[in-house]
Every structure is written in structure tokens, then in C-alpha cells.
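Student: Following this message is one structure expressed as C-alpha cells.
The values are calculated or read from the model by the stated rules, or taken from the named source; none is laboratory data. If you're wondering where the values come from, they're calculated on a predicted model, not measured in any experiment. Backbone-built Cβ (ideal geometry, glycine too); neighbour counts: all protein chains shown. These area figures cover heavy atoms from the full protein model, side chains too; ligands, DNA and RNA do not enter into them. Shrake-Rupley method; radii C 1.70, N 1.55, O 1.52, S 1.80 Å.
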Amino acid sequence: MTLLSRIYKKSEKLIFYLLNKPFLGRLGKNTFVSHPFMFVNKKHVYFGDNVQVRDFARIEPVVKRGNQSFNPKIIFGNNVSIEQGLHLTCAEYVEIKANCVLSSYCMLTDISHEYGNVNESVLSQPLLVKPTILDEGCFIGTGAKIMPGVHLGKHCVVGANAVVTKSFPDYSVIAGIPAVLIKKFNPNTNSWEKV
């Protein structure tokens, strides 16, 4: 890396820090979101230390929609690494705990849309909200979607393009649409076993 590119990288991080630190719920040490990104309602976003989010991220806490009001909280634990194209929306609670890795173009949300009234546009109907949590050390493959109400246990591995609609326990490998359990870590044999 040339001296000029190192100076540019340092100045880019400094500019991010100066423009966002006063408005975020928390901005940990050595944390950076690459430009361009979309941030709204920043005070509802809490970054731990050493969080890296690549470009084209959309981080969107929703505080009001129609006649609904929300108090969202998005928490990034320490040492979280996220590739480009993150789409994260939250009206209540989304947490990505320490040491998680999200590959490119992942989506994570605690929001779904009511659609029961066929005489009204889906976008005019209320939001349905359920907390979404990734425990420590999860790895989310490229293009995966983590839907509302999902709680993934520690060190879960999610296959590329999976759509995760339900929760899974610690040390699970899941894949598919909708995602299903395909492997589980067995501490007695110290190996990953097909289910």
C-alpha cells in the first residue's frame, strides 16, 4: 500500500468518525463504515470496537411508520466484520454479537409486513416486529436473509442465499430456502456431523 493510499484511508476513517460519532448511540474504537452508505436515525445504532462494514450498507432503524412509533436498537458487538451491500432494518431490536462475519449482500431484519387486509396496500398495513439476534461467532454466507424473530446460537454457519425463518441452536450449519439444519457440532466426537 502506497503512502498516499494509507493517508487516504486514515483521512476517510477520521472523516467518518467526526461526522458520525456525535450522532450514534455508540461508536467504538477502530470502527468504520465505508462510503457510500445509508444511515438514518443514527442514535439508535451502537457499534462495538473493531467493527468493519464495507460500502453500500443500508442501516435503517425505523422510528415511525404511519401511526406506529418504535424505539429501535441495533447493536454491533466487538470484532464484527461485514462485507458490502448489507441491508439491515430494525423497529425493535437487532443484535449482531462479537466476532460475527456477514458476507456480501446479506439482509437482517426484525420487521415483516402485515398483509391480511386485501383491500389495502401491504405498505399501508402495520409492521410486525420480532427481535433478531446473532450470537457470538456466527458466519453468514453471501446473499443470506435473516428474517424477523430469528435467534441463531453461537458459531452458527449459514449457507449462501439461505432464507432463515426460524431459530437454530449453537453450532448449527444451516442452508436452503427456507433454511434447515444440515450439520451440528458434536462435542463428544469433536466433529461436525450431518443431521
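Student: Accessible area per residue of the chain at 1.4 Å probe, in Å²?
Tutor: Value returned for the chain: 54 Å² of accessible area per residue.
Student: How big is the charge dipole of region 1-119 about its Cα centre, in debye rounded to the nearest 20, if each Lys and Arg gets +1 on its Cβ and each Asp and Glu gets -1 on its Cβ?
Tutor: Its charge dipole is roughly 540 debye.
Student: Okay, next question. Out of residues 5 or more away from Leu27 or on other chains, whose amide H comes under 5 Å of its own, with H placed 1.01 Å from N in the peptide plane?
Tutor: The list, which skips near neighbours in sequence, is Phe47.
Student: If you stretched the chain out fully between Lys21 and Trp192, how much longer would it get, using 0.36 nm times the residue separation minus the C-alpha to C-alpha distance?
Tutor: 57.4 nm
Student: For region 175-182, take each phi angle, set θ = phi - 60°, evaluate the Karplus expression 6.51 cos²θ - 1.76 cosθ + 1.60, and give the result in whole Hz per residue in order, putting x for glycine and proline.
Tutor: Result, ordered by residue: 7, x, 10, x, 5, 10, 6, 10 Hz.
Student: May I pose another question? For region 51-195, build the charge dipole from Cβ charges (+1 Lys, Arg; -1 Asp, Glu) around the Cα centre, then report which of Asn78, Gly116, Cys156 sits farthest towards its positive end.
Tutor: Towards the positive end, the residue furthest out is Cys156.
Student: If amide hydrogens are placed 1.01 Å from N in the peptide plane, which non-local residues have theirs closer than 5 Å to the one on Ser167?
Tutor: Hits under the 5 Å cutoff: His151.
Student: Name the long-range amide H neighbours of Phe139: under 5 Å, sequence gap of 5 or more, or other chain; modelled H, no Pro or chain starts.
Tutor: Result for Phe139 returns Val101, Cys156, Val157, Val158.
Student: By average Cβ neighbour count within 10 Å, what is the ranking of 89-97, 116-124, 15-23, 58-66 from highest down? Please list the in-between numbers first.
Tutor: Details: 89-97: 22.3, 116-124: 9.0, 15-23: 12.9, 58-66: 16.7.
My ranking of the peptides, most packed first, is 89-97, 58-66, 15-23, 116-124.
Student: Each residue of region 77-86 in order: what ³J(HN,Hα) in whole Hz does its phi give by Karplus 6.51 cos²θ - 1.76 cosθ + 1.60, θ = phi - 60°, with x for Gly and Pro?
Tutor: Those phi angles translate into x, 5, 6, 8, 10, 10, 7, 5, x, 4 Hz.
Student: Between Lys183 and Lys64, 0.36 nm times their residue separation minus their Cα-Cα distance comes to what?
Tutor: Using 0.36 nm per residue and subtracting the Cα-Cα distance, I get 38.8 nm.
Student: List the relative contact order of the chain as a percent without decimals, with contacts defined as Cα pairs under 8 Å and 6+ residues apart.
Tutor: The value is 11 percent.
Student: Can you work out the Karplus-derived ³J(HN,Hα) for every residue in region 183-195? Use 6.51 cos²θ - 1.76 cosθ + 1.60 with θ = phi - 60°, whole Hz, and x for glycine or proline.
Tutor: Once rounded to whole Hz, the list reads 8, 9, 7, 9, x, 5, 9, 6, 8, 8, 10, 5, 9.
Student: Follow-up. Want the number for Val118 to Thr142: 0.36 nm per residue separation, take away the alpha-carbon distance, what's left?
Tutor: 5.2 nm
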